[in-house]
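Worksheet: one structure, shown below.
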Amino acid sequence: MLISRSRRTRGALALVLAAVLGLGLSSCQSGAERAVEKTEKPEKTSVPVELPPLSEVAPAEDPTEVDGPTTAVIGGPSIEPLPDAPDASLPVTVTSHDRTGDTEVRISDTSRVLALSLSGSLGELVHAFGLSDSLVGRDISTNFPGAEDLPVVTRDGHSIDAEGVLALSPTLIVTDGTIGPADVVLQLREAGVPVVTVDRAVDAETSYVTAQQLADALGIGEFAPAFVETLREAIAAKEAEVRRLLPADESKRPRIAFLYVRGTSGIFYLFGEGSGVDSLIRSIGAVDVAAEIGWTGEKPMTEEALIAMDPDVILVMTKGLESAGGVDGLLSAQPSIALTSAGERRRIVDVDDTLLFAGGTRIPDVIDGLARAVYAPDSLTE
């Protein structure tokens, strides 16, 4: 009976495969989602990054006067998975938050799971729940010990390799809307595979919601609150570690602007409240220049306004910086950046495109990496 059901599912999927393979990325995403989506295929590795404890790091006396660019080094995920895989309580019916509206999805089998997101956060959350053995594939960004053995089912970092999905016969697909095309994902549902769309995690609060929704879909919802508390404590502990790096004189706390740049077009976006970057800047005790002017979301920034804000540090995504020709190319293409304090000191901090917006289990590690890059860049070159 199981073999027959599997064959019927494969047959149904085969009917939509031609359409699936012909679709391009068509989902309409905004803000941080669009920015991260446009990044090139990330080169990820599961080799852990060895960093000294923050307690052993010597911060700069005045982080507003540091010269030169820095690439943030982010380790992790540092949150250990649950020691024992929880037993799923199935079947379960959950709400899928599709772009077209909420849909009820019934799940009866979580033995073959695909958890797909642009940042890899969903796959890493499944691992954190102790259920990595149920994963039969991964997106290009999922990175936990052993993940490298799973087949990759995404192309270009953000689009589903439908043929790869078809070959894995998943019993459940969970996504956060950053992997598409959206039509392809829904067609897989129509072919008989339960597909659940959870809210996207970009910061601590949204990560708690996503973790609960994912746990519900896996049939282990009762275990999510304890995990959320573990993540909450880990974030608080990391923020406490970072505080020892802050200068006592608040006037020396760096003013940071996150800019989304791509190429040398002269157009750049400032990310403000609700983007996810705002909470990271607060977590490392720096001053968010976007918050100072009440900037919300992600919108094009004028050169005059950026010069007036005069940030000490400009935060960018690594691939975006590369596309602009590095720091020299960025300053040449964007004269307004060169006229800020950050530009004059070449104080550009770049962060891995997907990790910056990863959310979930990565948050403590991203806070750690940003803090080192902003307050103790010399520690990264020793």
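The values are calculated or read from the model by the stated rules, or taken from the named source; none is laboratory data. Keep in mind that what you see is a predicted model, and the values were worked out from it rather than measured. All Cβ positions, glycine included, derive from the backbone under ideal geometry; neighbour counts span all protein chains shown.
If only residues of segment 161-182 that are part of a helix (DSSP H, G or I) and surrounded by 20 or more Cβ atoms within 10 Å (Cβ to Cβ) are counted, the one that is modelled with the lowest pLDDT is Ala162.
Does segment 101-112 contain any residue that is surrounded by 15 or more Cβ atoms within 10 Å (Cβ to Cβ), among the hydrophobic types (A, V, I, L, M, F, W, C), touching a residue at least 60 places away in the same chain (Cβ under 8 Å) and farther than 30 Å from Lys252 by Cα? Please lay out each step first, then the result.
Going through segment 101-112, the residues surrounded by 15 or more Cβ atoms within 10 Å (Cβ to Cβ) turn out to be 103, 105, 107, 109-110, 112.
Pick out the ones that are also among the hydrophobic types (A, V, I, L, M, F, W, C) and you get 105, 107.
If we keep only those that are touching a residue at least 60 places away in the same chain (Cβ under 8 Å) too, we end up with 105, 107.
With farther than 30 Å from Lys252 by Cα added as a condition, the list becomes 105, 107.
Looking for residues that are surrounded by 15 or more Cβ atoms within 10 Å (Cβ to Cβ), among the hydrophobic types (A, V, I, L, M, F, W, C), touching a residue at least 60 places away in the same chain (Cβ under 8 Å) and farther than 30 Å from Lys252 by Cα, one finds at least one in segment 101-112, hence yes.
β-branched (Val, Ile, Thr), modelled with pLDDT of 95 or more and either within 30 Å of Gln212 (Cα to Cα) or in a loop (DSSP other than H, G, I, E, B) (or both), is that true of Val374? It is false that Val374 is β-branched (Val, Ile, Thr), modelled with pLDDT of 95 or more and either within 30 Å of Gln212 (Cα to Cα) or in a loop (DSSP other than H, G, I, E, B) (or both).
For segment 356-366, a residue qualifies if it is of a type outside the set (S, T, N, Q) and crowded, with 24+ Cβ neighbours inside 10 Å, and the qualifying residues are Leu356, Phe357, Ala358, Gly359, Gly360, Arg362, Ile363, Pro364, Val366.
When the residues of segment 282-316 are filtered to those that are touching a residue at least 60 places away in the same chain (Cβ under 8 Å) and of a type in the set (A, V, I, L, M, F, W, C), the one that is farthest from Thr340 (Cα to Cα) is Ile284.
Condition first: over 23 Å from the mean Cα position of the chain (by Cα) and on the phi < 0 side of the Ramachandran plot. Now tell me which residues in segment 183-219 satisfy that.
Start the filter on segment 183-219 by keeping residues that are over 23 Å from the mean Cα position of the chain (by Cα), which leaves 187-194, 219.
Hits for segment 183-219 are Gln187, Leu188, Arg189, Glu190, Ala191, Val193, Pro194.
Taking segment 183-212 as the range and being closer than 17 Å to Thr95 by Cα, out of contact with any Leu (no Cβ under 8 Å at 6 or more places or on another chain), surrounded by fewer than 24 Cβ atoms within 10 Å (Cβ to Cβ) and in contact (Cβ under 8 Å) with a residue 24 or more places away in the chain as the test, the residues that pass are Leu186, Arg189, Glu190, Asp199, Thr206.
Of the strands (runs of 3 or more DSSP E) contained entirely in segment 60-126, those carrying at least 1 residues that are of a type in the set (Ser, Thr, Tyr) fall at 92-98, 101-107. Going through segment 246-270 one residue at a time, which ones are part of a helix (DSSP H, G or I) and polar (S, T, N, Q)? Hit for segment 246-270 is Ser251, nothing else. Residues in segment 127-136 that are free of Cβ contacts under 8 Å to residues at least 60 places away in the same chain, outside any strand (DSSP E or B) and aliphatic (A, V, I, L, M): 1 in all. Within segment 316-374, the set of residues being more than 30 Å from Pro145 (Cα to Cα) and of a type in the set (A, V, I, L, M, F, W, C) comprises Ala324, Val327, Leu330, Leu331, Ala333, Ile337, Ala338, Leu339, Ala342, Ile348. Within the option set Ala234, Ala257, Ala240, Ala226, being touching a strand residue (DSSP E or B) at 6+ places or on another chain (Cβ under 8 Å) and of a type in the set (A, V, I, L, M, F, W, C) holds for one residue only, Ala257. Taken over segment 271-294, the criterion of being part of a loop (DSSP other than H, G, I, E, B) and either crowded, with 22+ Cβ neighbours inside 10 Å or within 17 Å of the chain's Cα centre (by Cα) (or both) is satisfied by Gly272, Gly274, Ser275, Gly276, Ile284, Ala286.
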